[in-house]
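Chemist: The structure that follows is given in the form of structure tokens.
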Amino acid sequence: MRIRRRIARALAAVGLATAGIAGSVVTASPASAEPTIPIDWNVDATAHIASLGIDNTMTGGRFTGSVDLGDSTITGDLTLPASETTLEVLGVGLADVGIQVAPTGPVTGSVDLSTLTVELTSSFDIKITHLNPFGVDWINLVGRKCQTREPVTLTMSGPIDLVGGSTFSGEFTIPKFKDCGLLTLPLNLLLPGGGNTFTATASPPPAA
């Protein structure tokens with residue numbers, strides 16, 4: 001049991017897989033043959049947007065969920081803060097772009113206890129909360145409803161590291177966007193496509 005609990009804590013890294021959202025804790029059903037171990041981990045993540053060649057960093061996220069030791073499944077939710085990145089051309093900042101990932105469901109996955117590796121899948125919408133040209137924060141060229149037409153599906157995997165924090169990564173495809181005003185067409189010519197990567201590191205909160 002001690003070994004299983006140690007493994008379960010490590011599996012918390014599983015939370016990263018989601019690019020995703022809301023905090024809820026899943027508990028075991030009374031009929032569960034094995035214990036369900038709660039997870040509460042800090043998460044830092046980076047999404048690389050291939051078409052623009054930029055990285056969007058999200059720090060201070062949190063994963064809450066659980067590991068079922070009976071069937072080796074993981075379920076939970078990831079909360080990532082809104083973030084901002086700068087769109088540059090030839091070193092000149094053309095616009096500040098606000099990005100938020102919004103979940104469309106919980107993070108689900110499984111753990112291979114023989115190899116201590118995890119695979120997680122999540123789905124989320126990408127919202128562009130603002131696009132301020134030349135850093136002028138009172139001008140928002142995309143309005144308040146700009147987001148992907150359909151959810152992004154992200155599958156991540158990686159080994160569990162009990163010491164240095166567990167890092168998971170995966171690739172995802174950006175769908176087309178909607179409700180972005182006059183920039184809907186330009187954004188759909190620029191952003192959608194594959195080859196984008198998501199990397200996240202999960203670690204337990206520091207001891208009080």
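Chemist: Any residue at all in the range 172-189 that is over 22 Å from the mean Cα position of the chain (by Cα) and buried (at least 18 other Cβ atoms within 10 Å of the Cβ)?
Modeler: yes
Chemist: Being part of a strand (DSSP E or B), of a type outside the set (Asp, Glu), in contact with a Leu (Cβ under 9 Å, 6 or more places away or on another chain) and at pLDDT 90 or above: is that true of ALA95 here?
Modeler: Taking the combined requirement at face value, the residue does not satisfy it.
Chemist: Since VAL14 meets every condition but one in (1) modelled with pLDDT under 85; (2) crowded, with 17+ Cβ neighbours inside 10 Å; (3) over 12 Å from the mean Cα position of the chain (by Cα), which condition does it not meet?
Modeler: (3)
Chemist: Only one of these is charged (D, E, K, R) and surrounded by fewer than 16 Cβ atoms within 10 Å (Cβ to Cβ): ASP55, ASP77, ASP68. Name it.
Modeler: ASP55
Chemist: Given the conditions (1) under 27 Å from ASP96 (Cα atoms); (2) touching a residue at least 12 places away in the same chain (Cβ under 8 Å); (3) not charged (D, E, K, R), and given that GLY53 satisfies all but one, which numbered condition is not satisfied?
Modeler: Answer for GLY53: the failing condition is (2).
Chemist: Identify all residues within the range 140-152 that are surrounded by 16 or more Cβ atoms within 10 Å (Cβ to Cβ) and either closer than 23 Å to LEU120 by Cα or within 20 Å of the chain's Cα centre (by Cα) (or both); write none if there are none.
Modeler: Those that are surrounded by 16 or more Cβ atoms within 10 Å (Cβ to Cβ) and either closer than 23 Å to LEU120 by Cα or within 20 Å of the chain's Cα centre (by Cα) (or both): CYS146, GLN147, THR148, PRO151, VAL152.
Chemist: Let me ask something additional. Regarding the range 68-87, can at least one residue be identified that is assigned to a strand (DSSP E or B), among the aliphatic types (A, V, I, L, M) and at pLDDT 90 or above?
Modeler: yes
Chemist: Looking at the range 57-70, can you tell me whether even one residue there is of a type in the set (A, V, I, L, M) and within 21 Å of PHE172 (Cα to Cα)?
Modeler: Yes, the conditions are met somewhere in the range 57-70.
Chemist: Output the residue which, of all residues in the range 130-178 that are among the charged types (D, E, K, R) and touching a helix residue (DSSP H, G or I) at 6+ places or on another chain (Cβ under 8 Å), is farthest from VAL67 (Cα to Cα).
Modeler: Out of the qualifying residues, it is LYS178.
The values are calculated or read from the model by the stated rules, or taken from the named source; none is laboratory data. Computed from a prediction, not measured in an experiment: that's the story for all the values here. Neighbour counts run over all protein chains shown; Cβ positions are idealised from the backbone, glycine included.
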